[in-house]
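Here is the structure we will look at, set down as structure tokens.
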Amino acid sequence: MGPCSGALPSSNASTVAHLLGGAPPSAVLAITRVPHGSVVASLARMMPRHVTVDCADPFELARFWSEATGWPVSDEDQPGDDEVLVEAPAPLPGLLFIRVPEPKAVKNRVHLDWAPTERTRDDEVARLLGLGATLHEDHRTPEGPGWVTLLDPEGNEFCIERGAAERAG
């Protein structure tokens with residue numbers, strides 16, 4: 001099932017899912033009203049449950065990411081655990097940290113790009129540096145666009161871009 005549109009009386013996910021062939025409401029990714037009262041719904045064939053990161057100390061890295069995101073470390077996890085989950089608000093995937101014996105050796109093949117929701121990109125970079133991230137590469141331009149690549153405390157790359165309000169302004 002791909003994107004589908006039609007005149008619907010409600011943007012309720014359950015209603016949309018039912019009208020789109022009985023898909024579970026959790027499969028409805030987005031419901032958008034378009035001109036003339038129509039609704040466009042996007043369905044997912046799969047939903048990511050976790051973004052998993054191999055690391056040396058799952059609890060400590062989860063604490064860093066909990067502070068960075070504002071999402072809680074699972075109540076079921078504690079120091080010394082081999083797997084620790086940072087619980088994201090639905091429908092976002094959680095961050096799962098798993099202990100592995102080998103250290104990080106090369107650049108990550110996949111990384112997360114984050115956009116701040118409560119502050120500017122530059123303020124967010126300063127905040128994350130204060131939490132223990134380190135600057136890896138600075139791709140900001142004098143005109144304002146660009147991003148900053150940081151490393152978390154175990155050396156995993158992630159980027160901070162400008163948030164929606166900053167891009168619009």
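Which ³J(HN,Hα) values, rounded to whole Hz and listed in residue order, are derived for the range 86-98 from phi using the Karplus coefficients 6.51, -1.76 and 1.60 in 6.51 cos²θ - 1.76 cosθ + 1.60 with θ = phi - 60°, glycine and proline given as x? In residue order, the calculated couplings are 9, 8, 8, x, 4, x, 5, x, x, 9, 10, 10, 10 Hz.
Give me the extension gain from Gln78 to Asp123: residue separation times 0.36 nm, minus the current Cα-Cα distance, reported in nm with one decimal. Walk me through the numbers on the way to the answer.
Numbers: separation 45, 0.36 × 45 = 16.20 nm, distance 3.05 nm.
Here the answer is 13.1 nm.
Each of Asp82, Asp75 was scored by other Cβ atoms within 10 Å of its Cβ. Listed from fewest to most, they are Asp75, Asp82.
Ranked by Cβ crowding within 10 angstrom, fewest neighbours first, how are Arg121, Arg45 ordered? If you can, show how the numbers build up before the last one.
On the way: Arg121 23, Arg45 8.
Neighbour counts put them in this order, fewest first: Arg45, Arg121.
Calculated FRET efficiency, Met47 to His111, Cβ-Cβ distance, R0 = 22 Å: about 0.60 to the nearest 0.05.
Subtracting the Cα-Cα distance of Ile98 and Glu137 from 0.36 nm times their residue separation leaves 11.4 nm of extension gain.
None of the figures in this text is laboratory data; all of them are computed from the coordinates on show. All values reported here derive from a predicted model rather than from experimental measurement. Note that each Cβ is placed from the backbone with ideal geometry, even for glycine, and that neighbours are counted across all protein chains shown.
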